[in-house]
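Participant: Let me give you the structure first, and then I'll get to my questions.
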Amino acid sequence: MTTPMVEARGVRKSYAGVEVLKGVDLTVVRGEVTCLIGPSGSGKSTLLRCINHLEKHDAGELRVDGQLIGYEARDGKLYERNDKQICSERSQIGMVFQRFNLFQHLTVLENITIGQIKVKGVNAEAANARARELLARVGLDNKEKNYPSQLSGGQQQRVAIARALAMEPKLMLFDEPTSALDPELVGEVLDVMKDLAHSGMTMIVVTHEMNFAREVANTVYFLDGGVIEESGDPKVILLTPKSERLKSFLSKVL
Amino acid sequence: MNGDSAAKVVPVRHVGRWVGAAVALLFISMLVHTLLSKVPTGQRACHTVNGSRLCHNIVNWRFSWNVVGQYFTTSEVLHGLVVTLELTALAMAIGIVFGVLIAVMRLSHNRLLSSTAWSYTWFFRGTPVYVQILFWGSLALLYPAFTIGIPFMSVTFWHFKTVSIFTPFIAGVVGLGLNEAAYMSEIARSGLIAVDEGQSEAATSLGMSRGQTLRLVVLPQAMRVVIPPTGNEVISMLKTSSLVIAVSVTDLLGAVTNIYSSNYEIVPLLIVASLWYLIVTTILSIGQFYLERYFAKGALRTPPPTPMQRIKNDLSGILSKFRSRRRHPLDQVAR
């Protein structure tokens, strides 16, 4: 049996004395789509950011591709990784943000090539070729010279997805990718994500789009108050939730 | 209600605006009049024309424009101007480099680094720049000579007298530059914190190191916020640099002071210096405009027009007003 892409055991995280994650267990199988749902403040985004090491978890074990995040286990000790090692770990994990976070001073094409050129050392020509390929894939091949501010929210988010994919990640993290979009623009972003899921990308998606979770996800985790309240096949738990909290959450969002 | 579609449009009358404009015009004409006025010198000149003697009072420009013109491009003034430009450029270079460094230190997670940066700003912003220039000029009183070697041992690599390195010019540059760094660090810091945190998060998640994030993502975007106040600082430095007179460096102001102390043409020579300061400031402002435009790319959907474009737009706007008579707004709807 292959190692899971992400494995969390008892992950805890506090901010200034407030515990946001209170021992989270989660397993993400390679090539599958996992959705994290739950009310705001439940710790979904924090968990995602811990997986990418944007936040450091305080306790518990967090592995990506079999490797401990931020530490190396050798001779019965945990060695904290240095910045360079952490950067190289991060470069293999793509992240898409709620507010797109495209580099405002760079064109669409430059946004997609900068990571390849500066982090992976790809030459400019190859990076441009890959960027154009990805832009075609997200349906924006005529926008490469535009600046992010000249695009709609949906277009910006698709560029952000292309930017993350340019690094050829083994895992993609989506932090509420459609929450900042006008309702009519949500569909175009979800379509790109569905495409990506069908191509076999391992994805973790924090979302409020229950239809997306039901259609695309292999597993759904429901977080509430920093713990996983319920998890399983979306077709089962979203239709016949067991816990009272998931029932009341679903009654509010559906 | 849409009866007569060709009805005449009556514009709103701006009475206050017209009165204000008239008052402004009055003051402008008074200013022009006095600038171009002539006053009698008290001397008379007489000529013999066709056998008869004609005398008249000799008058002169009140502002002695002839003296201004006479000294405007003398080598002494031009040399002073070059010194002023050198001082401004070098002091600003020191100010910008150290300022960015101090701003980055200030935002560091290391408490010692951030408090060092804070203390630097506190000290150099808290004492007069004039005093600082005097201090660097009198450094030789404190340390007559510098020796670089291994401490506590009699090994010396380099030994020099303070006065041979800290010439008045260098003292001026160092004094102005280190003081400027304190102000520039606050400007740079405001630029750095103005860039949305999401930008550095996105850079980090692509695997960029902290240095790369700062250099490739944060600083270029901070530039947009930083340039207008930095331009202000450059223009301010151009004139503040005249304080190097404290350590007897002959800059633009120093040059005209030297001249008028021997010929007593104080006002015309001050006008010479002021005109040069104005000319350089104008050139710097134009440079700033284009620099701002360059770094605004991506931030604005449409960049602001250049002055030439603006003049063109204004002219074509005025022309089109003359060409087509104002129509009733409803007129266009009707068709």
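Participant: Counting every Cα pair in the stretch A:174-228, what percent are over 16 Å apart? Before the final figure, lay out each step's value.
Facilitator: Working: 629 of 1485 pairs.
Distances greater than 16 Å cover 42 percent of the Cα pairs.
Participant: Convert 25 °C to kelvin, take the viscosity as 0.890 mPa s, use the Kirkwood radius over C-alpha pairs of the stretch B:34-104 as Rh, and evaluate the Stokes-Einstein diffusion coefficient in µm²/s, rounded to a whole number. Please list the in-between numbers first.
Facilitator: On the way: Rh = 17.1 Å.
Answer from the Stokes-Einstein relation: 144 µm²/s.
Participant: Strictly over 25 Å apart at the Cα level, which of A:145/A:170; A:56/A:194; A:56/A:145; A:44/A:235; A:194/A:235 would you flag in this model? Provide the component values of the computation, followed by the final result.
Facilitator: On the way: A:145/A:170 28 Å; A:56/A:194 30 Å; A:56/A:145 37 Å; A:44/A:235 20 Å; A:194/A:235 17 Å.
From the list (A:145/A:170; A:56/A:194; A:56/A:145; A:44/A:235; A:194/A:235), the Cα-Cα distance tops 25 Å for A:145/A:170; A:56/A:194; A:56/A:145.
Participant: Using +1 on the beta carbon of Lys and Arg, -1 on that of Asp and Glu, and nothing else charged, what's the dipole of chain B about the Cα centre, debye to 20?
Facilitator: 1500
Participant: P(r) for the stretch A:129-197: what percent of alpha-carbon pairs falls in each 5 Å bin, starting at zero?
Facilitator: P(r) for the stretch A:129-197, in whole percents per bin: 3, 17, 30, 27, 17, 5, 0.
Participant: Got a sec? How would B:61, B:18 order by Cβ neighbour count within 10 Å, fewest to most? Walk me through the numbers on the way to the answer.
Facilitator: Working: B:61 16, B:18 10.
In increasing order of surrounding Cβ atoms, one gets B:18, B:61.
Participant: Measuring from centroid to centroid over Cα atoms, what is the spacing of the stretch B:259-302 and the stretch B:142-219 in Å?
Facilitator: 27
Participant: Would you compute the Debye intensity of the stretch A:31-135 from its alpha-carbon atoms alone, equal scatterers and no solvent, and pass along log10 I(q)/I(0) at q = 0.11, 0.16 Å⁻¹ to two decimals?
Facilitator: Here log10 of I(q) over I(0) equals -0.48, -0.93.
Participant: Given the Cα atoms of the stretch B:120-250, and with Rh set as the inverse mean 1/r over their pairs in the Kirkwood sense, what is Rg to Rh to two decimals?
Facilitator: Values: Rg = 20.0 Å, Rh = 17.7 Å.
Value, to two decimals: 1.13.
Participant: Could you give the Stokes-Einstein D for the stretch B:180-262 in µm² per second, using the C-alpha Kirkwood radius, 10 °C, 1.306 mPa s? Kindly include the intermediate steps, with their values, before the conclusion.
Facilitator: Working: Rh = 15.5 Å.
The calculation lands on 103 µm²/s.
Participant: Looking at the stretch B:228-308, which trypsin sites (Lys or Arg not before Pro) are DSSP coil and have at most 11 other C-beta atoms within 10 Å of their C-beta?
Facilitator: Those that pass, being in a loop and sparsely packed, are B:301.
Participant: Measure out, as a whole number of angstrom, how far apart the alpha-carbon centroids of the stretch A:1-71 and the stretch A:123-151 sit.
Facilitator: About 32 Å separates the Cα centre of the stretch A:1-71 from the one of the stretch A:123-151.
Participant: Something else about it: What number, in percent, do you get for the relative contact order of the stretch B:114-251 if the mean sequence gap of Cα pairs under 8 Å and at least 6 apart is divided by its residue count? The partial results should precede the final answer.
Facilitator: Working: 121 pairs, mean separation 39.2, N = 138.
Answer for the stretch B:114-251 is 28 percent.
Participant: Using a cut-off of under 17 Å, list every residue of the stretch B:260-301 whose amide N is near the label point 7 Å from the Cα of residue B:194 along the Cα-to-beta-carbon line.
Facilitator: Those under the cut-off are B:288-301.
Participant: On to the next question. Between residue A:18 and residue B:75, with labels modelled 7 Å along Cα→Cβ, what's the label distance in nm to one decimal, could you check?
Facilitator: Reported label-point gap for residue A:18 and residue B:75 is 7.4 nm.
Participant: Further, regarding this structure: In percent, what relative contact order does chain B have, based on Cα pairs under 8 Å that are 6 or more apart in sequence?
Facilitator: Numbers: 337 pairs, mean separation 73.8, N = 335.
It rounds to 22 percent for chain B.
Participant: Taking just the C-alpha trace of the stretch B:188-316, give me its Rg and Dmax in Å.
Facilitator: According to the Cα coordinates of the stretch B:188-316, Rg and Dmax are 21.4, 69 Å.
Participant: Would you order A:87, B:55 from fewest to most other beta-carbon atoms within 10 Å of each residue's own beta-carbon? Display every interim value, and only then the final one.
Facilitator: Details: A:87 20, B:55 8.
Final ranking by Cβ density, sparse to dense: B:55, A:87.
Participant: What per residue convex hull volume, in Å³, do the alpha-carbon atoms of the stretch B:1-122 yield? Walk me through the numbers on the way to the answer.
Facilitator: Values: hull volume 53.3 nm³, N = 122.
Taking only Cα atoms, the stretch B:1-122 has a hull volume of 437 Å³ per residue.
Participant: Let me test this: with uniform point scatterers at the alpha carbons of chain B, what is the Debye-based log₁₀ I(q)/I(0) at q = 0.09, 0.11, 0.12, 0.14 1/Å?
Facilitator: These q points yield log10 I(q)/I(0) values of -0.81, -1.02, -1.10, -1.24.
Participant: I would also like to ask the following. Please report, in Å, the Rg and the Dmax of the protein assembly as shown, where both are computed over Cα atoms only.
Facilitator: Reported Rg and Dmax, both Å: 34.9, 127.
Participant: Aspartates and glutamates within cross-link reach of residue A:143: Cα-Cα under 16 Å, excluding same-chain residues under 8 positions apart?
Facilitator: Those aspartates and glutamates meeting the cut-off are A:110, A:133, A:188.
Participant: Something else: Tell me the Rg and the Dmax, in Å, that the Cα atoms of the stretch A:120-249 produce.
Facilitator: 17.0, 55
Participant: Quote the convex hull volume per residue of chain A, based on C-alpha atoms, as a whole number of Å³.
Facilitator: 145
Participant: For the stretch A:5-93, report the % of Cα-Cα distances exceeding 18 Å.
Facilitator: Everything past 18 Å amounts to 44 percent.
Participant: Set the Förster radius R0 to 60 Å, insert the Cβ-Cβ distance between residue B:65 and residue A:199 as r into 1/(1 + (r/R0)^6), and round the FRET efficiency to 0.05.
Facilitator: Numbers: r = 79 Å, r/R0 = 1.32.
Calculated transfer efficiency: 0.15.
Participant: Next question. Working from the pairwise distances between different alpha carbons, so that the mean of 1/r is found and then inverted, what is the stretch B:52-167's Kirkwood radius in Å?
Facilitator: Working: mean 1/r = 0.0502 Å⁻¹.
Result for the stretch B:52-167 stands at 19.9 Å.
Every number in this text was worked out from the coordinates using simple rules, so none of it is lab data. A quick note: this is a predicted structure, and the numbers were derived from the prediction, not measured. Virtual Cβ from ideal backbone geometry, glycine too; neighbours counted across all protein chains shown.
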